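Please read the structure below before turning to the comments.
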Amino acid sequence: MITREMIQQAVFATIDEWNQHMPVNRQMAKSTAVILLGPSGVLDSLGLINFAVSLEERLAELFGAPVTIFREEYLQQETSPFRTIASLLDHIETVSHDSLID
């Protein structure tokens, strides 16, 4: 069984990978409080896409099946699942459950 902690470890590993390619002043902290999108977010739209693709690859390894976390309709939700790392973790739990049941 895949736990939230395992998903968080995958997200944090993706952050580590992301940080290797970013200048120090643009690196992300490994914290569920990090704001990803919005006025004080660490990612712009292209950064979000790149981060999501890397994370989807890592999650596919973890789950042993593709898990799509990034779709346009997710961005149009009233409360974005990409607002913070915490909301991203909630989102991954939901979509991975839905993806693996289908």
*Highest GNM mean-square fluctuation, the chain, Cα pairs closer than 10 Å: which of Ala29, Ala52, Ala86?*
Ala29
*Considering the chain as a Gaussian network with a 10 Å cut-off on Cα pairs, which listed residue, Glu73, Glu57, Glu17, attains the greatest mean-square fluctuation?*
Glu73
*For region 14-102, report the accessible area per residue in Å² (1.4 Å probe, heavy atoms, rounded to an integer).*
59
*asked:* Given a 10 angstrom Cα cut-off, can you work out which residue in Leu59, Leu46, Leu37 is the most mobile in a GNM of the chain?
replied: Leu46
*Taking a spot 7 Å from the Cα of Gln27 along the direction of its beta carbon, which residues of region 43-64 have an amide N less than 17 Å from it?*
43
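Heavy atoms only, probe 1.4 Å: what % of the accessible area of region 48-102 goes to carbon and sulfur, would you let me know? Mind showing how you got there, number by number?
Details: 1480 of 3110 Å².
That fraction is 48 percent.
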_Segment Arg4-Arg83, length gained on full extension (0.36 nm per residue, minus Cα span)_ = 26.7 nm
*In percent, how large is the relative contact order of the chain, given Cα pairs closer than 8 Å and 6 or more residues apart?*
30
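The values are calculated or read from the model by the stated rules, or taken from the named source; none is laboratory data. Keep in mind that what you see is a predicted model, and the values were worked out from it rather than measured. When we count neighbours, we look across all protein chains shown, and the Cβ atoms used for this are built from the backbone with ideal geometry, even at glycine. Accessible surface is based on the protein model in full, side chains and every heavy atom, while ligands, DNA and RNA are left aside. Shrake-Rupley method; radii C 1.70, N 1.55, O 1.52, S 1.80 Å.
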